[in-house]
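The values are calculated or read from the model by the stated rules, or taken from the named source; none is laboratory data. Everything numeric here is computed off the predicted structure, so don't read it as measured data. Neighbour counts run over all protein chains shown; Cβ positions are idealised from the backbone, glycine included.
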Amino acid sequence: MGVGNAPVIEERRANPVKTKARIGIRETALTPEVTDELLRMSEDWEKENSCHGYRKNAETDIAGKRIFTACSGAQIIGYLLGHGEKTDKPSSMIPQGETVFEVDELYVCPAFRGQGVGAQLFQYAEQAVLDEASFLTLTAASRNGKAILHFYLEEMGMTFWSARLFKPLHALPSACGGETAASPDET
């Protein structure tokens, strides 16, 4: 069984990852209880203000996604949301018609970070979609770009494809985290 009474959909186990936390990783059905917990965690993530422009999820953001959860006992301590899609046009890296699994979100509760939980979620999802997709892709938005690049490139073995960067030229509105651009005197 999954979280609460949610059945475990995927029984394959990813290759074990060394971790400090003793957790269980599984693909989880979207039940009302799981939905409530994911929405609560998403709200916590928004309050952290750790990602540029992150806004908490609504139920419609989760519906139809594949859900992988990390649990400590019965408590969800992290999740990965994603979806599969066929490419409709070729890109510089992915040919037209290939199936791609897009990781939409990967979140771990602050108390469990740095313990391999995110790596386990990622590797479990990767193994779960291995027979269905040719590529695993994601877009990351973080205030700590170096840590994100280290995690995905060095630890998860992804390949760098492209980057979208920004430099505020004027004060940012509060929706962007309330930061202000540095004035020439501050640089």
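Observations on the model:
- Lys146 meets each of the listed conditions (1) outside any loop (DSSP other than H, G, I, E, B); (2) surrounded by 14 or more Cβ atoms within 10 Å (Cβ to Cβ); (3) more than 12 Å from the chain's Cα centre (by Cα); (4) not aromatic (Phe, Trp, Tyr) apart from (2).
One line per residue, one yes/no per condition, for (1) surrounded by fewer than 20 Cβ atoms within 10 Å (Cβ to Cβ); (2) modelled with pLDDT of 95 or more; (3) outside any helix (DSSP H, G or I):
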site: Phe68; (1), (2), (3): no, yes, yes
site: Tyr79; (1), (2), (3): no, yes, yes
site: Ala128; (1), (2), (3): no, yes, no
site: Leu136; (1), (2), (3): yes, no, yes
site: Ser142; (1), (2), (3): yes, no, yes
site: Ser162; (1), (2), (3): yes, no, yes
site: Leu165; (1), (2), (3): yes, no, yes
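- Pairing each residue of segment 19-36 that is farther than 11 Å from Gln120 by Cβ and part of a helix (DSSP H, G or I) with any residue that is of a type in the set (Val, Ile, Thr) and at pLDDT below 95, provided the two are 6+ apart or on different chains, yields C-beta distances under 8 Å for Glu33/Val3; Val34/Val3.
- Applying the condition of being more than 14 Å from the chain's Cα centre (by Cα) and assigned to a helix (DSSP H, G or I) to segment 111-126 and asking which residue is surrounded by the most Cβ atoms within 10 Å (Cβ to Cβ) yields Phe112.
- Criterion: modelled with pLDDT under 95 and either hydroxyl-bearing (Ser, Thr, Tyr) or closer than 24 Å to Met156 by Cα (or both) - qualifying residue of Pro16, Pro7: Pro16
- Put simply, of Val103, Val108, Val34 the only residue that is of a type outside the set (Ser, Thr, Tyr), buried (at least 16 other Cβ atoms within 10 Å of the Cβ) and out of contact with any helix residue (DSSP H, G or I) (no Cβ under 8 Å at 6 or more places or on another chain) is Val34.
- For segment 40-51, the tally of residues that are crowded, with 16+ Cβ neighbours inside 10 Å and either modelled with pLDDT of 95 or more or in contact with a strand residue (DSSP E or B) (Cβ under 7 Å, 6 or more places away or on another chain) (or both) stands at 3.
- Qualifying residue in segment 95-102 (condition: of a type in the set (D, E, K, R), under 21 Å from Met158 (Cα atoms) and in contact (Cβ under 8 Å) with a residue 12 or more places away in the chain): yes
- Just one of (1) small (Gly, Ala, Ser); (2) touching a strand residue (DSSP E or B) at 6+ places or on another chain (Cβ under 9 Å); (3) surrounded by fewer than 13 Cβ atoms within 10 Å (Cβ to Cβ); (4) not in a helix (DSSP H, G or I) fails for Ser92. It is (2).
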